[in-house]
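Student: For reference, the structure I am asking about is given below.
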Amino acid sequence: MKGLKKRILNGETLFGCWLNLGSPVTAEIVGLSGFDWVLLDLEHGAGEPKDILHQLQALQHTAAAPVVRVESVAKERIHRVLDVGAEGVMCPRIKTVEDARNAVSGMHYPPKGVRGVAKMVRATGFGKHFDTYVKDAQENILGIIQIETIEALNHLDDIAKLGGVDVLFIGPADLTMALGIYGQLDHPKFKEAVNRITSAARKAGKATGILLFNPEEYPTYQAMGIQLIACGSDATFVANGAGSMVKQLNEMKTANQP
């Protein structure tokens, strides 16, 4: 464990990005770049559940703490990614308090939750650190609930106060789509929603997070007290780098034509 939850509770602002290529190579490259945390995406990413293990192994010797976004709040999906070594779980498309309760319940062992117990798994050092892992799991496992539906907005306070919900994470794309203002981050409806989310988290003593479309948005959201900030992805970095190189070469080709 790299102390991601403890750093959040200590009030740090932490930078992360998405890993959506399902590649251990890009995971390692991004992990070595200096991000505090990375999100391995099983909801929209190109990788399969079997690819998570190799990405986690690639990230192990980097400073980046791994969080996995699962595609379902089924407890089997959640405890599977925790067993292979995820330090946190992000659950998307939450609509009700019951959805959120089921999500965080799957992250913790009884009596706090319903996570299944397996000793010989990667998270416990294949049994070597089992007792310590189980004892400290509640303090170490970060529970992130995405707020990106109208239904979730209508149950903010009740979701925020649930034990095991550590972060309310704003999904700008889905949330603006749900509000009928896709991509309009300056729209009053979106600004009001963000204020409601941060307020609910603050009242409950929880943190908030957001995925930025542009790093220039950082001062706005940092001023609102949002701590878990993501920007970019391995796919974006590759695409932008490749596009930039082709552009430079074409400009040089044009400039050097007789």
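Student: Bin width 5 Å, origin at 0, all Cα-Cα pairs of the chain: what percent of pairs per bin?
Tutor: The calculated distribution, bin by bin, is 1, 6, 13, 17, 19, 16, 12, 7, 4, 2, 1, 1, 1, 0, 0, 0.
Student: Can you tell me the dipole magnitude for region 4-255 around its Cα centre, using point charges on the Cβ only (Lys, Arg +1; Asp, Glu -1), in Debye to the nearest 20? Write down the numbers at each step before the final one.
Tutor: Details: 26 positive and 28 negative charges, 116 e Å.
Using only the charged Cβ atoms, the result is roughly 560 debye.
Student: Taking θ = phi - 60°, what integer Hz values does the Karplus form 6.51 cos²θ - 1.76 cosθ + 1.60 yield along region 154-170, in sequence order, with x for Gly and Pro?
Tutor: 7, 10, 4, 4, 5, 5, 4, 7, 5, x, x, 8, 9, 9, 9, 10, 7
Student: Something else about it: Aspartates and glutamates near K191 by alpha-carbon distance under 20 Å, same-chain residues fewer than 8 away left out - which ones?
Tutor: E148, E151, D157, D174, E216, E217
Student: So, with +1 on the Cβ of K and R and -1 on the Cβ of D and E, and no other charges, what is the size of the charge dipole of region 56-195 about its Cα centre, to the nearest 20 debye? Could you put the intermediate results ahead of the total?
Tutor: Values: 16 positive and 17 negative charges, 98 e Å.
So the dipole magnitude of region 56-195 works out to roughly 460 debye.
Student: Based solely on its DSSP helices, what 222 nm [θ] is calculated for the chain when runs of n ≥ 4 H residues each add -39,500 (n - 2.57) and the sum is averaged over all residues, nearest 500 deg cm²/dmol? Write down the numbers at each step before the final one.
Tutor: Details: 12 runs with 115 residues, N = 258.
After summing the helix terms and dividing by residue count, I get -13000 deg cm²/dmol.
Student: Remind me, relative contact order of region 4-255 in percent, using alpha carbon pairs under 8 angstrom and six or more residues apart? Could the numbers behind the result be given before it?
Tutor: Numbers: 476 pairs, mean separation 46.7, N = 252.
Computed value for region 4-255: 19 percent relative contact order.
Student: Which value, in debye to the nearest 20, describes the size of the charge dipole of region 156-258 about its Cα centre when Lys and Arg Cβ atoms bear +1, Asp and Glu Cβ atoms bear -1, and nothing else is charged?
Tutor: Numbers: 9 positive and 10 negative charges, 27 e Å.
The calculated dipole for region 156-258 is roughly 120 debye.
Student: Continuing with the same structure: With point charges of +1 on the Cβ of Lys and Arg and -1 on the Cβ of Asp and Glu, referenced to the Cα centre of the chain, which listed residue (L153, G241, Q184) lies farthest in the positive direction of the dipole?
Tutor: With unit charges placed on the Cβ atoms, the residue in question is L153.
Student: If you add up the charges near F15, with Lys and Arg at +1 and Asp and Glu at -1, over every other residue whose beta carbon is less than 12 angstrom from its beta carbon, what do you get? Mind dumping the intermediate values first?
Tutor: Numbers: positive: R7; negative: E12, D36.
Summing Lys and Arg as +1 and Asp and Glu as -1 gives -1.
Student: Holding the Cα-Cα limit at 26 Å, pick out from K135/K161; K5/K189; K50/K112; K75/K119; K50/K128 the pairs that are longer than that.
Tutor: Working: K135/K161 23 Å; K5/K189 30 Å; K50/K112 28 Å; K75/K119 17 Å; K50/K128 23 Å.
Result: K5/K189; K50/K112 exceed 26 Å.
Student: Taking the simple approach of a point 7 Å from Cα along Cα-to-Cβ for both Q60 and K128, what is their distance in nm?
Tutor: That separation, rounded to one decimal, is 0.8 nm.
Taken together, the values in this text are just the output of simple stated rules run on the coordinates, not laboratory data. Computed from a predicted model, the values in this text were never measured in an experiment. So basically every Cβ, Gly included, is an ideal-geometry build from the backbone, and we count neighbours across all protein chains shown.
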